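The values are calculated or read from the model by the stated rules, or taken from the named source; none is laboratory data. From a predicted model like this one, the values you see are computed outputs, not experimental measurements. Cβ atoms come from the backbone with ideal geometry, glycine included; neighbour counts cover every protein chain shown.
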C-alpha cells in the first residue's frame, strides 16, 4: 500500500490550483477582449479534450468503461459540468469583471449544499441554513438587487449585471454536476468519466459555435498578448488544475477543499485591480465578506456530525 503524501504537499497542491484558477480570470478576460465567447469556449474545450483523453489511461490502473446506462447519464451531466459550464463562464466573464466573476465562483460549495440536500445526500441543519442565507445575501448585494428592484441601474450597468447572472447560472449548473457525479457512485473512475464528459461537451460546444464561427476569430488567438493567455487557460487552468485536483481530492476532505476556494477571488481581484480592470468599492467588500462567511460556515457545518 502506498504511503499517503505529506499533508503540507496536499495543502500546497490545493493552493496551487486556486492560484492558477485565480490568474485565469484575468487571462481569460484578456482573451475575450479579442475572441468571441462562443469561439473561445469551443477552442478551450476541444484542446483540453485532445490532451485529457490520451492522458486518461495513465491516470488509472485499468480503464473501466461505464455501463450503457451510465454513459447515457453522463451526457446531461457532462453538459452541465463542462459544456454549459464553459459557454456560460466565457459569456459571463465577457460582460462582467474578473473580481465579480471570481467572487460568484465561491458560491459553488453553497450551491452544492443546496442540491445535495435536495437529493438527500446532505441533512439540512440550522448552521447550513445560516450558511445559505449569508451567501445568498452576499450574492444579491453584489448583483445590486437593491438598485434594480427600485428601478435603478446597478453600478456596473446592465451588461455587467447580465454577466454576473450568466456566471451565477454557470456556477449553479456546475454545483448540480458535482452532486450528479457523486450520485453516479464510486464505481465510476473519476478520470474516465471526466474524459467522457469532455468528449460529449466538445461535440455540444462545437455545435453551438460552428454556425457563427469565423476563421478570423480563431486566428486572433495568435495575436501577441493573446496566445500566451490562451495557452495558459488550456494547459494550466484546465489540464493542469484537473490533474492536480484529481490527485489532491484523494487525500483531502471536501470541507478543506471548499476553504481553498477563497484564494481564487483574492488572486483574481488583486491582479485585476493591479492591471486597472477592476475598481473595488464598499459594495464589493461587503458582498465578498458575506459570501466568504457563508462558505466558511458551510465548511464548518460539513465537518460536524449531522
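Table for the structure above
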{"item": "Qualifying residue in the stretch 36-44 (condition: surrounded by 18 or more Cβ atoms within 10 Å (Cβ to Cβ) and outside any helix (DSSP H, G or I))", "result": "yes"}
{"item": "Unmet requirement for residue 79, which otherwise passes all of (1) part of a helix (DSSP H, G or I); (2) modelled with pLDDT under 90", "result": "(2)"}
{"item": "Unique residue being modelled with pLDDT under 90, in contact with a helix residue (DSSP H, G or I) (Cβ under 6 Å, 6 or more places away or on another chain), in a helix (DSSP H, G or I) and under 14 Å from residue 244 (Cβ atoms) when the list is 14, 55", "result": "14"}
{"item": "Flag if residue 230 is surrounded by 15 or more Cβ atoms within 10 Å (Cβ to Cβ), more than 22 Å from residue 168 (Cβ to Cβ), touching a helix residue (DSSP H, G or I) at 6+ places or on another chain (Cβ under 9 Å) and modelled with pLDDT of 80 or more", "result": "yes"}
